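The values are calculated or read from the model by the stated rules, or taken from the named source; none is laboratory data. These figures come from a predicted structure and were not determined experimentally. So basically every Cβ, Gly included, is an ideal-geometry build from the backbone, and we count neighbours across all protein chains shown.
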Amino acid sequence: MTMCAVCRRNLLAGESYRYWRARRDLPSGRVVCFLCESEAAREGWMRDPRRPSHENAVGLRNSVRRVA
């Protein structure tokens, strides 16, 4: 599971996120959910040039019960 570096929330299946870098971070960057992007920008973090990604739901296939 992927966790947002700002709000520390586990991202939901299919939820989009981007990588951001704080001034002291390594080049790899940190995951920030779209809800926290304004907070990351306010804190002086820089958005990584990589395209937005999303949390993969494939690993949940065996743990989620089908309803309907």
Of everything in the stretch 13-44 that's part of a helix (DSSP H, G or I) and of a type in the set (Asp, Glu), which residue is farthest from MET3 (Cα to Cα)? GLU39
All positions within the stretch 17-44 that are among the small types (Gly, Ala, Ser) and either at pLDDT 90 or above or on the phi > 0 side of the Ramachandran plot (or both): GLY29, SER38, ALA40, ALA41, GLY44
Within the stretch 45-53, identify whether any single residue is modelled with pLDDT of 90 or more and either buried (at least 17 other Cβ atoms within 10 Å of the Cβ) or part of a loop (DSSP other than H, G, I, E, B) (or both), and answer yes or no. yes
